[in-house]
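The values are calculated or read from the model by the stated rules, or taken from the named source; none is laboratory data. Owing to the predicted nature of the structure, the values given are computational and were not obtained by experimental measurement. With ideal geometry, Cβ positions are generated from the backbone for all residues, glycine too; neighbour counts draw on all protein chains shown. Areas reflect the complete protein model, heavy atoms only, side chains present, ligands, DNA and RNA absent. Shrake-Rupley method; radii C 1.70, N 1.55, O 1.52, S 1.80 Å.
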Amino acid sequence: WIKRWEEGNTGFHQEEINAHLISHWEQVMPDRQSTVLVPLCGKSKDMLWLRSRGHRVVGVELSELAARAFFLENDLVAEERQSGQFVVLSAGGIEIWIGDVFELTPQQVGKLDAWYDRAAVVALEPSVRQRYLAQLDLLLGPEAVGLMLTFDYPAEERNGPPFSVSFQDVEQIFGERFRLTLIDCVDLTEGNR
């Protein structure tokens, strides 16, 4: 992961705010005072959009290069502090915790109200998804809500990441902890964009 950021091999990074976030977030989280977790956040501009809606944003990113680039590219002067094994950069209501998302604790960030997963679950090996759910359960409050964007394609077509994560996969992994609703399904195959 870190090597991909160092080499600029970041085709997963979007330069623009995700249109699905803009379209669906208010339906998911109308409370603008909530704190939103953004796991594997990279340098996503989606965090700026969430902040502009009034949310406190807590991003978690393994790549220090990506985290620092977020603040630099958005003309934000970040304060830096250490919290356990994490370096924490923060400015203007956005924090990025540099380190392993699986090591983050509620003692460090408090219980969070919501989460936004644009490409975290699809970046994780299928064998790690149960651990990801356990980590979300640890960090999120009991009434927490979230928006998860996934890719669903015939698994034999490619050996991710991104990995195929169907709504059925999401139900199987996350269904006992969260009440799930399929909000939208977009066909991105050639000719259907």
Exercise for the section: Filter segment 153-168 down to the residues that are in a loop (DSSP other than H, G, I, E, B) and polar (S, T, N, Q), then identify the one that is surrounded by the fewest Cβ atoms within 10 Å (Cβ to Cβ). Expected result: ASN159
Completion exercise
ARG51: passes all of (1) farther than 21 Å from ASP137 by Cα; (2) modelled with pLDDT under 95 but (2)
Problem - Count - residues of segment 169-179 that are over 12 Å from THR150 (Cβ atoms) and either open to solvent by 40 Å² or more (accessible area, probe 1.4 Å) or touching an Asp or Glu at 6+ places or on another chain (Cβ under 7 Å) (or both) - result: 4
Completion exercise
Among the residues of segment 33-48, the number that are free of Cβ contacts under 8 Å to residues at least 24 places away in the same chain and either in contact with a Pro (Cβ under 8 Å, 6 or more places away or on another chain) or farther than 22 Å from LEU139 by Cβ (or both) is 0
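Listed residues ASP137, ASP152; which is under 24 Å from GLY54 (Cα atoms) and either modelled with pLDDT under 90 or among the charged types (D, E, K, R) (or both)?
Exactly one residue qualifies, and that residue is ASP137.
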Handout entry: Number of the condition not met by PRO30 [criteria: (1) outside any helix (DSSP H, G or I); (2) in contact (Cβ under 8 Å) with a residue 12 or more places away in the chain]
Key = (2)
Fill in the blank from the handout: A careful count of residues in segment 50-73 that are open to solvent by less than 80 Å² (accessible area, probe 1.4 Å), touching a Gly at 6+ places or on another chain (Cβ under 7 Å) and part of a helix (DSSP H, G or I) gives 1
Handout entry: Evaluation of ILE96 against (1) of a type in the set (A, V, I, L, M); (2) without any contact (Cβ under 8 Å) to a residue 40 or more places away in the chain; (3) surrounded by 14 or more Cβ atoms within 10 Å (Cβ to Cβ) (one fails), failing number
Key = (2)
Practice task
Specify the residue that is nearest to GLU26 (Cα to Cα); the eligible residues are those in segment 128-152 that are assigned to a helix (DSSP H, G or I) and open to solvent by 30 Å² or more (accessible area, probe 1.4 Å).
Solution key: ASP137
Exercise for the section: Confirm whether VAL88 is in contact (Cβ under 8 Å) with a residue 12 or more places away in the chain, farther than 30 Å from SER164 by Cα and either more than 13 Å from the chain's Cα centre (by Cα) or part of a helix (DSSP H, G or I) (or both). Expected result: no
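Rundown of residues vs (1) of a type in the set (A, V, I, L, M, F, W, C); (2) within 26 Å of GLN33 (Cβ to Cβ), yes/no style:
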position: VAL101; (1), (2): yes, yes
position: ASP113; (1), (2): no, yes
position: LEU124; (1), (2): yes, no
position: PRO142; (1), (2): no, yes
position: TYR153; (1), (2): no, no
position: VAL170; (1), (2): yes, no
Practice task
Could you please find all residues in segment 104-118 being out of contact with any helix residue (DSSP H, G or I) (no Cβ under 9 Å at 6 or more places or on another chain) and either buried (at least 23 other Cβ atoms within 10 Å of the Cβ) or among the charged types (D, E, K, R) (or both)?
Solution key: ASP113
